[in-house]
Structures are given as structure tokens and as C-alpha cells.
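The values are calculated or read from the model by the stated rules, or taken from the named source; none is laboratory data. Note that the coordinates shown come from a computational prediction; the quantities given were computed from them, not determined experimentally. Quick reminder, even Gly has a Cβ in these numbers, built from the backbone with ideal geometry, and neighbours come from all protein chains shown.
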Amino acid sequence: MATYRIKHITRYTYTAPAIDSANQILLYPVEDQFQEVENHNLVISCNPHIDVYDDYFGNRAGLFTIVVPHYELNIVSEIEVITHPVSLPDNNTSPENQWNYLKMIREEYIYLDFLTKESFHKSNELLAEVNERLNLLATPFEVARNMSSYVYDHFEYKQGITSVETKIDAVWNLKAGVCQDFAHILLVMLRMAGIPSRYVSGYICPKNKDLRGEGATHAWVDAYIPHHGWIGLDPTNNCIVSDRHVRLAVGRNFTDCTPVKGTYKGPSEHTLEVSVSIENGAVKTVTDNIEGAPFFTYQVRNQNSETNSYRKFLEIQQQQQQQ
């Protein structure tokens, strides 16, 4: 069991007043037997009313609108969570029965989205790697872990060479990227193998600086294991997701899990700043002056356009995963 306090700040700054800003947020941490939410405080510029609902994937989401002119939009999310270690799948059922079970459920509605295969130019090359590791004498969990290890071993963790718009062909050619790219590759491999899988966004929490992606937003993959349920695999760190991961949202891919997205009327030029501060128990790991030291900054310059939409940049939040 572990306790984490996380402060996540998103700030948009505009060169002229923005109006009619309508947004969706996925900043509410998951609550289940593995993750307890002790406290969640959400503060947004202009104090708008937030309509909270459960989205298609079961994530708790919020909608809000700011009609009045504003030069800045700040979204500050502070959470305190208690996480618990996960239980691992047992071997009480034979591999053959488990693979047959996956075949039986692949047409069921709740799994269809998580089995849809992505089309890309180098799919045959990746499929060859999948087939080489698709040992039906092993359990689906063992195969999934093997594929996660493959991504960890064959892709270099390298910041700044990919973005949220980078396609899987480019990641495959580069054999490098950050956590969102590692998760993307593993997601495709598992679905090729017939194992339902979903993208997960959240945080990985600091301990001894022994994991990549600490102190920022993070991404990994949930694999569906017969007679057990969903279990997280973190290919960036070649580990099973447990009590050092804090979950925010799940979906088919990272676009379903974007922390903030929406639209506005106003100048195309703006700056996005994102800061993430994580405290592990009683030990503070990032300074209090987080507002003055954004973890990630993105500037948009397009003076030829009179209006702009967040929608074009709805995935930019995920770029902080490169840190």
C-alpha cells in the first residue's frame, strides 16, 4: 500500500481574449479495490460549473464552459490516493482453455473496441514479431508479458523524437520513443495476438528514480486475461503495473484519455504549460513553486489564422509523457 499526493496544473495563455471556451477533462482518478481516492480538489479559472458524467469507457469525465473573455485558463487538479498491490493471474486454467476463452469473447460488444487492429504500412513486419512470440502452450498472460519485454528490449527510450501525432510506422522505423509510443506498439501487438488491450493514462510515482517516466503523466497498457480480468503492463519499464501507478483513464488509444480537450474562439497564438508534482508519502519530491516552473511548455504561433480550436491540439497534453 502506498499514498501519493499529486498536483497537476494545466495553463493556457492567450495573446488576446478567448471566449466561449468549452472543455472536457479526464482528471478524475479511478476508484476501485486497487486505488482509493482520499481527496480530490479541482480549481478552474472563473470557477465554472462542472457537469460530471461517466463516459463510454467508464471514465469519470467533466464538462465546463467559460463564456466571458479571458487571457488565461488554469486547471489545477490536486489528488491524494492510496494504491494497493495487484493480484497476479493464477495458473489454475490450462493455456488451451484460456486461448479458447479469448476466441469465444472476441465478438462480444464490450471487447470489440479493444481488439480492433490498426492499419499501417509495416503491419506485416510487426505481425511477424507477434507470431514469433505467440506461444499457445503458454498462457495469454505469459505471452503478454513476453511482448511487453520485447518492446522494452527493442525500443530505445528517447525523448524529443516523437510527438502525439507520430504514427506507428514512424515509431516502428525509429525503434525509439517515449511511454506513449511504447504503449502504442504493445497495444497493437496484443490485439494482433487476440488479447483485448486498452490504453491507460495516469502517473508513475517516484521512489528511487529507478523507473522511466516518474514525476509526470505516464502511459501503459491493460491486457485482458481470461478468468482474471484486466492487468496493467508497463512496457516503458518492463514491469507489471501495481501500487506505483496511479490511473486516470482508459480507452482505445491516447486520444480517448486526453486530460483536457475542447474548443474556443479567439487568437490562434497561445502557450500551453503543464506541471506535475508528486509527493510519495511524507517525502516531497518536487518544489512548491510548481506554478513558476512548468514541466512542459508548448507554444502555438499562427498569425495568419484569426480563430483557433483546442481540438487541433487535444492530444498535446500527452506530450508531457516525453519527460
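For a quick check of your reading: which strands (runs of 3 or more DSSP E) sit entirely within the range 27-67 and have at least 2 residues that are aliphatic (A, V, I, L, M) and within 22 Å of I9 (Cβ to Cβ)?
Values: elements: 35-44, 51-54, 60-66.
Passing ranges, in order: 35-44, 60-66.
Give L115, L63, L102, L27 a once-over and let me know the one that is within 29 Å of K261 (Cα to Cα), outside the structural domain of H8 (by TED's automatic domain parsing) and at pLDDT 95 or above. Show your work before the answer.
Details: L63 fails: outside the structural domain of H8 (by TED's automatic domain parsing); L102 fails: within 29 Å of K261 (Cα to Cα); L27 fails: outside the structural domain of H8 (by TED's automatic domain parsing).
It is L115.
Among the residues of the range 236-254, count how many are in a loop (DSSP other than H, G, I, E, B), surrounded by 21 or more Cβ atoms within 10 Å (Cβ to Cβ) and touching a strand residue (DSSP E or B) at 6+ places or on another chain (Cβ under 7 Å).
At the first step, the residues of the range 236-254 found to be in a loop (DSSP other than H, G, I, E, B) are 236-238, 241-244, 252-253.
Right, trim to surrounded by 21 or more Cβ atoms within 10 Å (Cβ to Cβ) and you get 236-237, 241, 244.
Then drop every residue that is not touching a strand residue (DSSP E or B) at 6+ places or on another chain (Cβ under 7 Å), which leaves 236, 241, 244.
Residues meeting the conditions: 3.
Taking only the range 145-170 into account, find how many residues are at pLDDT below 90 and surrounded by 17 or more Cβ atoms within 10 Å (Cβ to Cβ).
So the count comes out to 3.
Looking at the range 27-45 only, could you name the residues that are touching a Pro at 6+ places or on another chain (Cβ under 7 Å) and within 15 Å of T65 (Cα to Cα)?
The answer is none; no residue qualifies.
Determine, yes or no, whether I79 is in contact with a Pro (Cβ under 8 Å, 6 or more places away or on another chain), at pLDDT 95 or above and more than 22 Å from D222 (Cα to Cα).
Details: in contact with a Pro (Cβ under 8 Å, 6 or more places away or on another chain): yes; at pLDDT 95 or above: yes; more than 22 Å from D222 (Cα to Cα): yes.
It is true that I79 is in contact with a Pro (Cβ under 8 Å, 6 or more places away or on another chain), at pLDDT 95 or above and more than 22 Å from D222 (Cα to Cα).
Among the numbered conditions (1) at pLDDT 95 or above; (2) farther than 14 Å from Y264 by Cβ, tell me where P48 comes up short.
P48 satisfies every listed condition except (2).
Looking only at the range 172-191, count how many residues are without any contact (Cβ under 8 Å) to a residue 40 or more places away in the chain and aromatic (F, W, Y). Steps first, answer last, please.
Applying the first criterion (without any contact (Cβ under 8 Å) to a residue 40 or more places away in the chain) to the range 172-191 yields 174-177, 181.
Next cut, aromatic (F, W, Y) only: none.
Of the residues in the range 172-191, 0 are without any contact (Cβ under 8 Å) to a residue 40 or more places away in the chain and aromatic (F, W, Y).
For the range 111-129, enumerate the residues that are more than 15 Å from A223 (Cβ to Cβ) and part of a helix (DSSP H, G or I).
L112, S123, N124, E125, L126, L127, A128, E129, listed by residue number.
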